[in-house]
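Please read the structure below before turning to the comments.
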Amino acid sequence: MTDSAGPVQLPLLDQLHRARLALPPGGPAYRHQLADLTDAALQELWDKAVGQLDGGGIDLRSGVALVAVGSLGRRDGGPASDLDLLLVHEGLGVADLAELSAALWYPIWDAKLGLDHSVRTLSECRQMASADLPAAVGLLRLRTVAGDAALGARTAEAVLADWRRAARRRISDLADSVAERVALHGELAYLIEPDLKESRGGLRDAVLIDALVASWLAERPRGALDAATSHLLDVRDALAHVTGRSRTKLRLGVQDDVADTLGLARMGTVVDTAPDGADVHDYADDLLASLAEAGRIVSAALDRTLRTARHHVRSRTPGPGAPSSAQRAPRWRLPSGRRPAPRLPALAPGLAQLADEIVLDAAATARRVRADDSAVTPLLALRAAAAACRTGLPLSPTLLMALGDAPAPPSPWPVQYRQLLAEILTSGPAQIPVWEDLDLAGVVTTWFPEWQAVRNRPQRNAVHRFTVDRHQVEAAANIPATAAAGAVEREDLLALAALLHDIGKLPGERDHSVAGARIARPLLDRLGLGAAERDLVVLLVRHHLLLAELATSRDPRDPDVVAEVVQGVRGERDTLVMLRRLTEADARAAGSKAWSPWRARLIDELTARALDAL
C-alpha cells in the first residue's frame, strides 16, 4: 500500500510473522499474547487504510468493521496461523469496498502472512452461516478488531441467534460432518502421524463442542476437556515453531523436535526411522501417548455433547442452556408443592436408567450426597460396566465421575466380582465403549495397575491400527466372532487372555510375550483365579504369537513344527483351540493386513495338523 509520500510504513504488521514466532510457546496466556500482537498489527493497518481513504472522500467512521473469525476470533490461534478476517459493511459501494479491501488485504500478503478473507453485509453473513456449516461454526466467536464495534456486535448477535434457532435441524448435519472427517483423517488417538486439527478428537471437534454448547442444547462437559484442548493447541504451536509453517499434520520426521520444544525430550531408545533416515526416539512415543490421551478426552466429550443435544431434539425439551425456565410448561406437583421423585427403571443394585444413560439410583445418590463411602464401591463399578455392556446404554458423566472415586477391589477378587468381569469380557463389541469410558475415568488402572504402562502406548508398526491398550480391548471384543474355530470350556478365560495378551509391550522389553506372561501372573492371582486357570491364561499370553509365527515363517506340514505347537499347548486340545481363536482375535484387532486370507489359511492348516496329532 502506498500514499503520496511513498510506501506506507506498517512496522507491526511487517514484523508480525517474526514477532509471533519469537515468543516462547506454551499455554493459553501465550496464545492471548499472540492475539494481542495480531490485533495491534491489524489496528495499525486499519488506521493507515482509513486515514488514506478518508482523504479520497470515503467515510469509514461507521458502517464498516474488520472482524476476526475462526481461531483469531477465539484468540487461540498459533504462531503461524492464518488470519481469518471478515470485512462487514452496511451497504458500502462496490468501488469503495474494492479500494478498502485492497488497502487491507495486500499489505497482509506483502508481510508474508496467510490470509483467509471475505467481504459481507450483515445479511450476507447470516445467509452464509445458514448455508455453510463450517462457516457458521467459525462465525460463532466473531470478534471486532477494528472499525464499527456496534456493527460487529450486531453481526455476532444475529449469527448466534440464527444458530440457536436452527440448531435442532442442523444436529444431524453436524454429526455427519464428524463421520466424514474420521473417514478421511482417522482418529487422532491411534495415528502415528495424526492431524491435530482434522482427526477425530482433534481441535475441530473441540470447536464443535463449543458450537453445540452455544446452541443451548447441551452443557459444556466437565472434567479434563479444557486441559486436553489446551494440550492439542500447545502441540500445534510447538509444531509451528519447529517448522515455521501453519501445519497441523504431525509428521514422523519432526516429532522428536516437537517433543523437545514441549519439554518431553530425554535420553531414550530409537523406536522408528523417519523417511529421511533420521532416528525417532521414545520421547516421540511420549508425545504420541499424550496426544492419544487428549484426543480420547475430546472425542468422548463430543460424543456426550452430541448425545445430550440429540436427546433434547428427540424429546422436544429445552436444552440445559436455554434461558427462562419459568417460561416452560409447569410440571405436575404434589399437593405439598414438591415435585414427585421420578421413577427410574432399575438396571442393577444402585443403578438406574435416565434419559438413555445409566445413572446412580436415588438411594445411591442420596448416600453419595452424604459422603457415605458405601455409595460407590468397586462392585458398583463392575455392575455398571456389565449393565452398560448388556443394555448398550452409556454410563452418564456423573456416574463415571463417581466410579473414578471408587477404591480398588479387594484382593483376591470375590466370586461375584469375577463373574461380572466375565460378563463384561464375553459381551463382544459392546464392551469397547465401556472400557473406553472406564479407562478415561481412571477405573481400569484401579482394577489393573499394570494397565498404566500400556495406556496410550503407540505401536510403530504398519500392521497395527490401535494403541496397545485399545488393541487389547479390541482383541477381547473379537473373541465371540471367532467361535467358528471351535467351542472352548472357558470362554471367559480366553477373553481375559485376549485383554492381557500384549500387557508386556513396554519400552526396552525384547520379547513382549515373555514379559507379558511375567506381568500377568500376579495380576491373575489378585483376581482370585485358581492355579490351573491362572496357568492357562499365562500360557495363552506367553504363546499368543506361536501359531502365527510358525505358520508364516515355517512349513505348516513339517512334523517338527506341528510338534512345537503341541508342546506349546501342553498337548491339550481345548488349549489349542483357545490359542487358534486368540490368534484370530489378535490379528483382526491389528488390522486387515494381519488377518489376510493367506495368513488365515496357513494358521488353519497348522492348527488342523496339530489337532490331528493330538
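Gly571 - would you say it is surrounded by fewer than 22 Cβ atoms within 10 Å (Cβ to Cβ) and under 17 Å from His501 (Cβ atoms)?
No.
Give the stretch 398-421 a look and list any residue that's more than 20 Å from Ala346 (Cβ to Cβ), surrounded by fewer than 21 Cβ atoms within 10 Å (Cβ to Cβ), within 31 Å of the chain's Cα centre (by Cα) and of a type outside the set (A, V, I, L, M), or say none.
Answer for the stretch 398-421, where residues must be more than 20 Å from Ala346 (Cβ to Cβ), surrounded by fewer than 21 Cβ atoms within 10 Å (Cβ to Cβ), within 31 Å of the chain's Cα centre (by Cα) and of a type outside the set (A, V, I, L, M): Gly404, Asp405, Pro407, Tyr417, Arg418.
Hey, can you tell me all the residues within the stretch 69-91 that are farther than 13 Å from Leu151 by Cα and aliphatic (A, V, I, L, M)?
So the first thing to find is which residues in the stretch 69-91 are farther than 13 Å from Leu151 by Cα, and the list is 69-85.
Of everything in the stretch 69-91, those that are farther than 13 Å from Leu151 by Cα and aliphatic (A, V, I, L, M) turn out to be Val69, Leu72, Ala80, Leu83, Leu85.
Do you know which of the residues in the stretch 136-178 that are in contact with a strand residue (DSSP E or B) (Cβ under 9 Å, 6 or more places away or on another chain), under 30 Å from Lys249 (Cβ atoms) and hydrophobic (A, V, I, L, M, F, W, C) is surrounded by the most Cβ atoms within 10 Å (Cβ to Cβ)?
Top of the filtered list is Leu139.
Residues of the stretch 135-179 being out of contact with any helix residue (DSSP H, G or I) (no Cβ under 6 Å at 6 or more places or on another chain) and within 30 Å of Asp47 (Cβ to Cβ), which ones?
Result: Gly147, Asp148, Ala149, Ala150, Leu151, Gly152, Ala153, Arg154, Ala156, Glu157, Leu160.
For the stretch 298-314, give me each residue that is more than 14 Å from Glu219 (Cβ to Cβ) and either at pLDDT 95 or above or crowded, with 23+ Cβ neighbours inside 10 Å (or both).
Val298, Ser299, Ala300, Asp303, listed by residue number.
Given the residues Arg390, Arg368, Arg383, which is the only one that is part of a helix (DSSP H, G or I), assigned by TED's automatic domain parsing to the domain that holds Leu438, modelled with pLDDT of 95 or more and surrounded by fewer than 19 Cβ atoms within 10 Å (Cβ to Cβ)?
Arg390
Given the condition of a type in the set (Phe, Trp, Tyr) and either surrounded by fewer than 18 Cβ atoms within 10 Å (Cβ to Cβ) or farther than 25 Å from Arg470 by Cα (or both), answer yes or no: does some residue in the stretch 591-599 qualify?
Checked the stretch 591-599: at least one residue is of a type in the set (Phe, Trp, Tyr) and either surrounded by fewer than 18 Cβ atoms within 10 Å (Cβ to Cβ) or farther than 25 Å from Arg470 by Cα (or both).
Please enumerate the residues belonging to the stretch 501-531 that are over 30 Å from Gln416 (Cα atoms), assigned to a helix (DSSP H, G or I) and more than 30 Å from the chain's Cα centre (by Cα).
Val514
Output the residues belonging to the stretch 532-558 that are in contact (Cβ under 8 Å) with a residue 40 or more places away in the chain and assigned to a helix (DSSP H, G or I).
Those that are in contact (Cβ under 8 Å) with a residue 40 or more places away in the chain and assigned to a helix (DSSP H, G or I): Glu533, Leu536, Val537, Leu540, Val541, Leu547, Ala548, Leu550, Ala551, Thr552.
The values are calculated or read from the model by the stated rules, or taken from the named source; none is laboratory data. It should be emphasised that the depicted structure is a prediction, and the values quoted were computed from it without experimental measurement. Because the Cβ atoms are built from the backbone with ideal geometry, glycine has one as well, and the counts that use them run over all protein chains shown.
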